[in-house]
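What follows is a single structure, written as structure tokens, with notes after it.
The values are calculated or read from the model by the stated rules, or taken from the named source; none is laboratory data. As the structure is a computational prediction, the values presented were derived from the model and not from experiment. Every residue, glycine among them, receives a Cβ derived from its backbone with ideal geometry; neighbour counts consider all protein chains shown. Each accessible area value is taken on the protein alone, full model and side chains, heavy atoms only, with ligands, DNA and RNA left out. Shrake-Rupley method; radii C 1.70, N 1.55, O 1.52, S 1.80 Å.
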Amino acid sequence: MIQPNPTKVTPFGAVNASVNRAADLLGIKENYRRLLTTCWRETKVSLPITDDKGELRVYEGYRVQHNGVRGPYKGGVRYHPEVDLDEVKSLASLMTWKCAIVNIPFGGAKGGICVDPAKLSERELQALTRRFVNSIKTMIGPYKDIMAPDMGTNPKVMGWMMDAYGQLNGYSPAIVTGKPVTLEGTPDRLDATGLGVAMITRRVMEARKEFLSGKTVVVQGFGNVGSFAALHLHRMSAKVIAVSDVNGTVFDKDGLDVEKLMAYLEAKKTLAGFPHAEFALPGELNALGLECDILVPAALGHVIHAGNVEAVKARYIIEGANGPITPEADDYLNRKGVIIVPDIMANAGGVVGSYFEWCQNIQMHHWERSESKLELDKFMSAALAGVSQAANKYGINYREAAFVVGVDRVYQAAAARGH
Ligand code: NAD
């Protein structure tokens with residue numbers, strides 16, 4: 001039985017533990033470690049708005065810029081009732097390493113507002129968004145700090161952000177990515193994270209002389225990341241035998257037609273009742289424990305933990321979600337020989353897609369779909385090559401190696417700037 005670790009580490013502390021392990025291997029001295037483990041700028045703002053009843057409401061917002069030595073800060077804005085500064089710092093730091101691993105010229109940032117967006121009307125949400133942009137206006141800019149959607153925000157919110165910034169600075173589509181296509185967003189951004197997950201899965205298997213064709217896949221979460229990861233793995237000839245969402249799991253041992261399943265969910269708003277497949281409620285079946293070659297957790301953090309990790313049977317785990325495996329469960333799976341592709345590499349297709357959107361915006365130009373798919377594969381493959389090289393050099397797993405690559409690139413850039 002795996003025991004949970006009783007010592008409480010904050011999210012930012014947990015990321016820094018990985019950064020410090022990488023710094024140990026790279027022989028980075030204490031003064032530089034401080035640069036890598038502290039945030040450049042942490043801003044907390046008070047956001048007063050008038051609600052629909054004419055009452056004053058005050059929310060708390062954050063924008064954290066972790067490290068910008070490799071380029072403008074880049075990171076999403078989360079609207080969630082549990083947003084706090086430590087979480088935003090940890091997510092900003094992860095963005096620094098993620099951008100460095102896929103080698104795009106961005107630093108790491110993140111923002112958030114402590115709010116449950118489902119409880120606000122559209123007018124209130126728009127007022128809050130505009131107030132937030134106004135409060136951080138001096139920190140952000142197309143070459144300074146570029147925002148994007150995260151939990152609780154979406155293309156519509158990005159459109160409001162672009163407009164609020166544009167009112168002060170003129171037309172600036174490159175201030176946010178993940179925008180509506182009518183506002184110079186790119187259709188390719190929609191599936192970039194899931195497509196990147198599928199691409200990296202294919203490459204990781206090829207590196208082991210295994211092929212995706214006919215391999216069984218289980219995907220937890222059928223939202224943006226999970227549905228497109230399942231769709232592209234299906235198109236690459238893998239056999240997607242089960243997908244789950246918050247309401248249950250749909251499965252078919254002969255493989256689901258993911259294209260049809262996505263259309264079914266769109267029409268019926270539920271996975272239950274999909275023709276020729278079985279359906280189980282969350283209490284009846286744990287998708288994470290199903291027999292399969294590849295497991296893609298693409299819903300929430302910490303879903304594979306000390307209490308359920310022994311049930312996991314997959315040989316490969318590709319982290320579509322951020323932080324789906326707790327450190328204790330990660331240790332157990334590594335000892336068992338499971339190949340884990342960590343979030344900071346596996347789901348980096350999203351920020352690469354955002355980078356492509358930003359490139360097109362600053363050039364006022366549009367790429368072909370085939371061009372951005374080819375480019376995404378190049379970036380994901382190059383990231384894997386770098387991480388594999390570090391894994392071989394130091395005899396470490398992909399997660400540790402990904403931090404080594406990210407930390408090394410940021411460290412080299414900081415040193416080259418004369419920091
Ligand atoms: P989403 O809201 O579109 O989808 C989440 C899905 O998870 C939904 O299908 C929901 O029903 C399901 N879900 C929730 N609780 C569940 C549970 N207990 N069991 C099974 N399924 C459950 O979110 P998303 O954008 O797909 O993001 C998913 C994860 O990926 C998050 O951790 C996010 O931070 C991360 N991520 C997203 C992107 C992106 O571009 N969207 C990029 C990088 C990382």
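Could you tell me how many of the residues in the stretch 197-211 are closer than 16 Å to L295 by Cβ, open to solvent by 10 Å² or more (accessible area, probe 1.4 Å) and either of a type in the set (A, V, I, L, M, F, W, C) or within 12 Å of the ligand (Cβ to nearest atom) (or both)?
Qualifying residue count, the stretch 197-211: 0.
Pick from P142, P173, P155: which is within 29 Å of Y264 (Cβ to Cβ) and touching a residue at least 24 places away in the same chain (Cβ under 8 Å)? Even if it seems obvious, please write down each step before you answer.
Values: P142 fails: within 29 Å of Y264 (Cβ to Cβ); P173 fails: within 29 Å of Y264 (Cβ to Cβ).
Going through P142, P173, P155 in turn, the sole match is P155.
Of all residues in the stretch 118-154, which are in contact with a Gly (Cβ under 6 Å, 6 or more places away or on another chain) and not aromatic (F, W, Y)? Steps first, answer last, please.
In the first step, residues of the stretch 118-154 are kept if they are in contact with a Gly (Cβ under 6 Å, 6 or more places away or on another chain); the result is 132, 148-150.
Scanning the stretch 118-154 gives A148, P149, D150.
If you scan the stretch 290-308, which residues turn out to be away from the ligand (no atom under 16 Å from the Cβ) and surrounded by 14 or more Cβ atoms within 10 Å (Cβ to Cβ)?
So in the stretch 290-308, the residues away from the ligand (no atom under 16 Å from the Cβ) come out as 291, 293-294, 306.
The answer is D293, I294, A306.
Please find, within the stretch 215-249, the residue that is farthest from the chain's Cα centre (by Cα) out of those that are part of a strand (DSSP E or B), within 15 Å of the ligand (Cβ to nearest atom) and surrounded by fewer than 24 Cβ atoms within 10 Å (Cβ to Cβ).
Only one residue fits best here, namely G248.
Can you go through A267, A280, A272, A287 and tell me which one is more than 25 Å from the chain's Cα centre (by Cα), open to solvent by less than 20 Å² (accessible area, probe 1.4 Å) and either within 16 Å of the ligand (Cβ to nearest atom) or closer than 17 Å to G223 by Cα (or both)? Outline the logic, then answer.
On the way: A267 fails: open to solvent by less than 20 Å² (accessible area, probe 1.4 Å); A272 fails: open to solvent by less than 20 Å² (accessible area, probe 1.4 Å); A287 fails: more than 25 Å from the chain's Cα centre (by Cα).
Only one candidate passes the filter, namely A280.
One residue is enough: does the stretch 45-60 have a residue meeting the conditions surrounded by 13 or more Cβ atoms within 10 Å (Cβ to Cβ) and under 21 Å from the mean Cα position of the chain (by Cα)?
Filtering the stretch 45-60 for residues surrounded by 13 or more Cβ atoms within 10 Å (Cβ to Cβ) gives 45, 47, 49, 51, 57, 59-60.
Remaining after also requiring under 21 Å from the mean Cα position of the chain (by Cα): none.
Taking every residue of the stretch 45-60 in turn, none turns out to be surrounded by 13 or more Cβ atoms within 10 Å (Cβ to Cβ) and under 21 Å from the mean Cα position of the chain (by Cα).
Hey, among H419, H366, which residue is at pLDDT below 95 and closer than 23 Å to L26 by Cα? Please lay out each step first, then the result.
On the way: H366 fails: closer than 23 Å to L26 by Cα.
Answer to the check: H419.
If you go through the stretch 16-41, how many residues are β-branched (V, I, T), within 15 Å of S93 (Cβ to Cβ) and part of a loop (DSSP other than H, G, I, E, B)?
Keep residues of the stretch 16-41 that are β-branched (V, I, T), which gives 19, 28, 37-38.
Checking which are within 15 Å of S93 (Cβ to Cβ) leaves us with 19, 37-38.
Next, from what is left, pick out any that are part of a loop (DSSP other than H, G, I, E, B): 38.
The total comes to 1.
Mind listing just one residue for me: the one in the stretch 321-371 that is away from the ligand (no atom under 15 Å from the Cβ) and among the polar types (S, T, N, Q) and, of those, most open to solvent (accessible area, probe 1.4 Å)?
Initial filter on the stretch 321-371 (away from the ligand (no atom under 15 Å from the Cβ)): 327-340, 359-371.
Narrowing further to those that are among the polar types (S, T, N, Q): 334, 360-361, 363, 370.
On the way: N334: 51, Q360: 11, N361: 8, Q363: 109, S370: 84 Å².
Looking at residues that are away from the ligand (no atom under 15 Å from the Cβ) and among the polar types (S, T, N, Q), I get Q363.
In the same structural domain as E55 (by TED's automatic domain parsing), under 14 Å from the mean Cα position of the chain (by Cα) and open to solvent by 10 Å² or more (accessible area, probe 1.4 Å): which single residue out of D86, D150, D116 fits that description? Show your work before the answer.
Values: D86 fails: under 14 Å from the mean Cα position of the chain (by Cα); D116 fails: under 14 Å from the mean Cα position of the chain (by Cα).
Going through D86, D150, D116 in turn, just one is in the same structural domain as E55 (by TED's automatic domain parsing), under 14 Å from the mean Cα position of the chain (by Cα) and open to solvent by 10 Å² or more (accessible area, probe 1.4 Å): D150.
Of all the residues that make up the stretch 130-177, how many are of a type in the set (S, T, N, Q) and assigned to a loop (DSSP other than H, G, I, E, B)?
5
Being modelled with pLDDT of 95 or more and hydroxyl-bearing (S, T, Y): is that true of Y73 here? Explain how you work it out, then say what you get.
On the way: modelled with pLDDT of 95 or more: yes; hydroxyl-bearing (S, T, Y): yes.
Against the criterion (modelled with pLDDT of 95 or more and hydroxyl-bearing (S, T, Y)), Y73 qualifies.
How many residues does the stretch 119-129 hold that are out of contact with any strand residue (DSSP E or B) (no Cβ under 7 Å at 6 or more places or on another chain) and either buried (at least 17 other Cβ atoms within 10 Å of the Cβ) or in a helix (DSSP H, G or I) (or both)?
Start the filter on the stretch 119-129 by keeping residues that are out of contact with any strand residue (DSSP E or B) (no Cβ under 7 Å at 6 or more places or on another chain), which leaves 119-123, 125-126, 129.
Okay, now just the ones that are also either buried (at least 17 other Cβ atoms within 10 Å of the Cβ) or in a helix (DSSP H, G or I) (or both), so 119-120, 122-123, 125-126, 129.
Selection size over the stretch 119-129: 7.
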